[in-house]
Amino acid sequence: MPTGKNKVLMAPLRAALEAAGLGNVRTYIQSGNVIATSELEASSIEALVHRTIKAQFGGDIKVLVRSPSYFHDAMHGNPFRNEDPAKLYFTLLGSRPDKSMLDEFHALGHAPDRVKVVDDMAYVLCATKYSDLKANNNFIERKLKVVATTRNFNTISKLIALSSAGSAPAALPL
């Protein structure tokens, strides 16, 4: 998420990414959600967005790119879909975690919260609020040794709606 020392304003980011060759660039809220079109593979888009942010804004920000179908699948595969969506978070992982680390992670237990990792997504259901959560984004990154970025249910829903309009992949600068 481009905040703090890596803060990037969305209007200049849109312009920079369009100049770098991405099409139909849109952003959603000031938290690093970019929707764009490109013929490039996801890893190439990640590298392009990373280089552009570093060159134009000075931030060394990891980027995850996911397709609209990824978000649809994540929403439909959500093991907590019958729970309160206001307490549901999606932590996208840069890669699938190592099985032994994943086993150790799940063995920790996360009560009173609930966390389930499926492939490269950690679904997090907060008992109270995200700020009270032990298994937050930094904890997940540290324990699973993967890059991660977290979005709430409403943001994932909005990314699905925005990306479905043009089947554009979403780039998520961390």
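General remarks:
- Restricting attention to region 11-30, the residues that are crowded, with 18+ Cβ neighbours inside 10 Å and part of a helix (DSSP H, G or I) total 3.
- Residue within region 99-111 that is of a type outside the set (Val, Ile, Thr) and under 18 Å from Arg151 (Cβ atoms) present: no
- The residues listed here are Leu48, Leu64; of these, the one that is out of contact with any Phe, Trp or Tyr (no Cβ under 8 Å at 6 or more places or on another chain), outside any loop (DSSP other than H, G, I, E, B) and closer than 25 Å to Lys134 by Cβ is Leu64.
- Subset of region 133-148 (residues that are touching an Asp or Glu at 6+ places or on another chain (Cβ under 9 Å), buried (at least 18 other Cβ atoms within 10 Å of the Cβ) and either modelled with pLDDT under 95 or under 18 Å from Ile61 (Cα atoms) (or both)): Leu133, Ala135, Val146, Ala148
Residue-by-condition table, conditions (1) of a type in the set (Ser, Thr, Tyr); (2) touching a residue at least 12 places away in the same chain (Cβ under 8 Å); (3) in contact with a helix residue (DSSP H, G or I) (Cβ under 6 Å, 6 or more places away or on another chain); (4) outside the structural domain of Lys145 (by TED's automatic domain parsing):
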site	(1), (2), (3), (4)
Leu9	no, yes, no, yes
Ala15	no, no, no, yes
Gly21	no, yes, no, yes
Ser38	yes, yes, yes, yes
Val49	no, yes, no, yes
Lys87	no, yes, no, no
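- Of all residue pairs spaced 6 or more apart or on separate chains, those with beta-carbon atoms under 6 Å, a first member in region 104-130 that is of a type in the set (Lys, Arg) and a second member that is part of a loop (DSSP other than H, G, I, E, B) are Lys116/Pro79.
- Any hit, region 34-52, residues being touching a Lys or Arg at 6+ places or on another chain (Cβ under 8 Å) and polar (S, T, N, Q): no
- Taken as a whole, the structure places Ser69 among residues that are within 18 Å of the chain's Cα centre (by Cα), of a type in the set (Ser, Thr, Tyr) and either exposed (fewer than 15 other Cβ atoms within 10 Å of the Cβ) or part of a helix (DSSP H, G or I) (or both).
The values are calculated or read from the model by the stated rules, or taken from the named source; none is laboratory data. These numbers were taken from a predicted model, which means no experiment stands behind them. Please note: Cβ atoms are built from the backbone with ideal geometry, for glycine as well, and neighbour counts cover all protein chains shown.
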